[in-house]
Amino acid sequence: MLTDTPVRAETGTGPPLKAARKPRMPQWFWGVLLVIPSAVLVLGVIAVPIVYLARLSLTDAHAYLPRINDIGLGNFANLAASPQFWQSLRTTLLYAVLTVVIQLVLGVVVALLMHQNFRGRGVVRLIAIAPYMIPAIIVALVWRWLLEPNNGAYSWFVRTVLPGADAVNLLSPTWIFASLVVVSVWMYTPFVVISVLARLQTVDPSVIEASTVDGAGPWRRFWHIILPELSAVLLTLALLRFMFMFTKFDIVYLFAGTGQEVRTLPLLTFQTIFGESRLGAGASLAMVMFVLLVVFTTVYLKTLHRRSEDTE
Amino acid sequence: MSTLKRLTQPRYVLAIGIVIVVAVNLFPFYWMVLTSVKPGTELFSNPPRFFTTMPDFGAYVRLIESTGFLTYAKNSVIISTGATLLSIAVSAMAAYGLTRFKFPGSKAFTTGILYAYTFAPIVVVVPLYGLFRDLGLINTYGGMILAYASFGVPFSMWLLRPFFNSIPKELEEAAFLDGANRVKSAWYVVLPQATPGIIAVSVFTFLLAWEDYLFARVLITDTNMKTLPVALHDLQNASLQDWPLLMAAAALVSLPVLLAFLYLQKYLIAGWGAGAIK
């Protein structure tokens, strides 16, 4: 930690005299007081809207029609019967699973590289995490320009490497999903890199040293020592990243638009509400995502909890 | 054969790996900056030019003079800074409260806040629009600051708690013996110790507000109140693919942030490691 720790504290002798000081207010009162502002903020901007959303999802509210009718679970019945909804759910799952798996594999590889000692490591590390630090709109703009079929750097590259070949249009409906996966991986892998790197720094180097002395090669060291150390973090990351990718809106919308091929649940929700003005129907979609998120989060927290018990 | 053997030596693997990472991550940024200063004659040349000898800053001039970029930048800076300050103040208080006092519901609150951390903006943004409209918060800095701060708080508190936890209670007890009260000891003894965490959290909270598109899209309807991400998206739709202009805007938005990170990076991984993931 910091070195400017007051020395007095270390040398302070005698038992703590807490009991001797008579607090004017009960201790717990302070705790509550300190927590209230954040509770108000979070409840006001997250919990209250959820209640509002739940209410809205049971109506046929429309942005331009003043009459609102209660239709019970009608919106949800419509969703269950809508092929578009199931298609969208499939797209979301495919997007989340694909991007998370690739992020995890690449993230571990890059983190292992960044963990080594080499000259200029600080700058290289920054470069390794840079894509995560810039807004999705920038990522979307830059990649749309790179992949631009006529004048983009990509099409030139294809024409140069494979003379005579026609570069496929990676922004066309056929390819946009694949491109979206690549761009998402490019942007979000650094999250895994930072997290794994942080964990690697807590691995006792003497364990690795000992195994090197025992003659373990880099591969065996990775499989038998480093990977087990990382397994808990990777599980947590897999769940957390899955939740994030499942609900990702910005990069999907900004890079890939709203085409059928990339219409994940967040996009379908956005379109239903802001494109078609069907507030009630959109709210029911958001509710479906809310319920799924609560399930994921519960699993995630259970995993976190079990893990912290394991390490104690 | 011997070449292959040499290439699989750890230090070559390391070197090649680093080169690939740097190239893959840096090239888009390079291309962005290069496009922004390419003179029109070189822009669509075939084969493309990978450097330019006559940089042309016309795109930047156009951006500043004719797109309201500075207004949007001002909006973004005010909102992001405000959200960061509010979020840090509030979550540092809570993190201190939760690590120093036990009270009924403190456990439940900690768990509840983790649920809030996983919250998807798309789920909240619609009802929030209704709420903001009723409260007159649409198109206001205050409203945007509140929205981003409340999204920052769960995350900030989660990152900050371990920092406050790691500060020995004996330090504070010593301060009490010296006659300091709770507020003084929190301010002069605890806060300085939590500084690395606070810096890391500030950066991530700032980013959260700086890069958000969705909230700004929905909760801001007045052109003059737009934030940079929304303004850039609108510019893309309106500019008929004026790539130098768009890339100039992209460069101006991302480079200052990256430079700040270069300066702060040692705190970032430490802060992240202490909190979010462990």
Handout entry: Qualifying positions in the range B:28-45 - more than 8 Å from every other protein chain (Cβ to nearest Cβ) and at pLDDT 90 or above
Key = B:Tyr30, B:Val33, B:Leu34, B:Ser36, B:Val37
Fill in the blank from the handout: Given the conditions (1) within 28 Å of B:Ala238 (Cα to Cα); (2) modelled with pLDDT under 75, every one holds for B:Tyr72 apart from (2)
Exercise for the section: Could you check how many residues of the range A:120-160 are surrounded by fewer than 16 Cβ atoms within 10 Å (Cβ to Cβ) and closer than 26 Å to B:Pro256 by Cβ? Expected result: 4
Completion exercise
Note on B:Ser150: of the conditions (1) more than 10 Å from every other protein chain (Cβ to nearest Cβ); (2) among the hydroxyl-bearing types (Ser, Thr, Tyr); (3) under 16 Å from the mean Cα position of the chain (by Cα), unmet is (1)
Completion exercise
The condition of being over 30 Å from A:Trp145 (Cβ atoms), at the interface with chain B (Cβ under 10 Å from one of its Cβ atoms) and under 18 Å from the mean Cα position of the chain (by Cα) holds, among A:Ala283, A:Ala232, only for A:Ala232
Practice task
Report yes if some residue within the range A:269-279 is open to solvent by 50 Å² or more (accessible area, probe 1.4 Å) and within 8 Å of chain B (Cβ to nearest Cβ); otherwise report no.
Solution key: yes
Problem - Boolean, A:Thr247 is closer than 25 Å to A:Val193 by Cβ, touching a Phe, Trp or Tyr at 6+ places or on another chain (Cβ under 9 Å), within 11 Å of chain B (Cβ to nearest Cβ) and buried (at least 19 other Cβ atoms within 10 Å of the Cβ) - result: yes
Handout entry: Spans of helices (runs of 4 or more DSSP H) in the range A:184-297 with at least 3 residues within 30 Å of A:Asn117 (Cβ to Cβ) and of a type outside the set (A, V, I, L, M)
Key = A:205-213, A:218-221, A:227-246
Exercise for the section: Could you grab the pairs with beta carbons closer than 6 Å, sequence gap of 6+ or different chains, first residue in the range B:153-181 and without any contact (Cβ under 8 Å) to a residue 60 or more places away in the chain and at the interface with another protein chain (Cβ under 8 Å from one of its Cβ atoms), second one open to solvent by 40 Å² or more (accessible area, probe 1.4 Å) and not aliphatic (A, V, I, L, M)? Expected result: B:Glu173/A:Pro16; B:Ala174/A:Arg8; B:Ala174/A:Gly12
Exercise for the section: Check whether at least one residue in the range B:4-25 is open to solvent by less than 80 Å² (accessible area, probe 1.4 Å), at pLDDT below 80 and not in a helix (DSSP H, G or I), and report yes or no. Expected result: no
Exercise for the section: Mind listing whichever residues of the range A:216-255 are acidic (Asp, Glu), more than 14 Å from A:Pro266 (Cα to Cα) and touching a residue at least 60 places away in the same chain (Cβ under 8 Å)? Expected result: none
Exercise for the section: Report the residue count in the range A:170-221 for those that are in contact with an Asp or Glu (Cβ under 7 Å, 6 or more places away or on another chain) and within 14 Å of chain B (Cβ to nearest Cβ). Expected result: 1
Practice task
Take the range B:106-162 and flag every residue that is within 18 Å of A:Leu34 (Cα to Cα) and either of a type in the set (Lys, Arg) or touching a strand residue (DSSP E or B) at 6+ places or on another chain (Cβ under 7 Å) (or both).
Solution key: B:Lys107, B:Arg161
Handout entry: Of the criteria (1) in a helix (DSSP H, G or I); (2) open to solvent by 10 Å² or more (accessible area, probe 1.4 Å), which one A:Asp166 fails
Key = (1)
Practice task
Test B:Asn165 against the criterion of being at positive phi and in contact with a helix residue (DSSP H, G or I) (Cβ under 7 Å, 6 or more places away or on another chain), and give yes or no.
Solution key: no
Practice task
Could you figure out which of (1) surrounded by 21 or more Cβ atoms within 10 Å (Cβ to Cβ); (2) at the interface with chain A (Cβ under 10 Å from one of its Cβ atoms); (3) of a type in the set (S, T, N, Q) isn't true of B:Thr205?
Solution key: (2)
Handout entry: Selection status of B:Pro127, assigned to a helix (DSSP H, G or I), without any contact (Cβ under 8 Å) to a residue 40 or more places away in the chain and of a type outside the set (D, E, K, R)
Key = yes
Problem - Failed item in (1) closer than 28 Å to B:Leu228 by Cβ; (2) open to solvent by less than 60 Å² (accessible area, probe 1.4 Å); (3) at pLDDT 75 or above, with B:Thr52 passing the rest - result: (3)
Fill in the blank from the handout: Filter the range B:208-253 for residues that are in contact (Cβ under 8 Å) with a residue 12 or more places away in the chain and out of contact with any helix residue (DSSP H, G or I) (no Cβ under 9 Å at 6 or more places or on another chain); the one that is farthest from the other protein chains (Cβ to nearest Cβ) is B:Asp222
Problem - Identity of the residue in the range B:221-253, surrounded by fewer than 21 Cβ atoms within 10 Å (Cβ to Cβ) and within 20 Å of the chain's Cα centre (by Cα), that ends up nearest to B:Phe69 (Cα to Cα) - result: B:Leu252
Exercise for the section: Pull up the range A:90-117, narrow it to residues that are open to solvent by 40 Å² or more (accessible area, probe 1.4 Å) and facing chain B (nearest Cβ under 8 Å), then point me to the one that is modelled with the highest pLDDT. Expected result: A:Val109
Exercise for the section: Please state which of the following conditions A:Ala47 fails to meet, knowing it meets all the rest: (1) open to solvent by 70 Å² or more (accessible area, probe 1.4 Å); (2) at pLDDT below 95. Expected result: (1)
Exercise for the section: Of the conditions (1) more than 10 Å from chain B (Cβ to nearest Cβ); (2) under 24 Å from A:Val105 (Cα atoms); (3) of a type in the set (A, V, I, L, M), A:Ala165 clears all except one; give me its number. Expected result: (2)
Handout entry: Checking A:Thr59 against (1) among the hydroxyl-bearing types (Ser, Thr, Tyr); (2) touching a Leu at 6+ places or on another chain (Cβ under 7 Å); (3) touching a residue at least 12 places away in the same chain (Cβ under 8 Å); (4) under 29 Å from B:Leu146 (Cβ atoms), the condition it does not meet
Key = (2)
Exercise for the section: Specify the residue that is surrounded by the most Cβ atoms within 10 Å (Cβ to Cβ); the eligible residues are those in the range B:95-116 that are under 23 Å from the mean Cα position of the chain (by Cα) and under 18 Å from B:Phe163 (Cα atoms). Expected result: B:Ala95
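The values are calculated or read from the model by the stated rules, or taken from the named source; none is laboratory data. Remember, it's a predicted structure, so these values are computed and weren't measured experimentally. Please note: Cβ atoms are built from the backbone with ideal geometry, for glycine as well, and neighbour counts cover all protein chains shown. All accessible areas refer to the heavy atoms of the entire protein, side chains included, with ligands and DNA or RNA removed. Shrake-Rupley method; radii C 1.70, N 1.55, O 1.52, S 1.80 Å.
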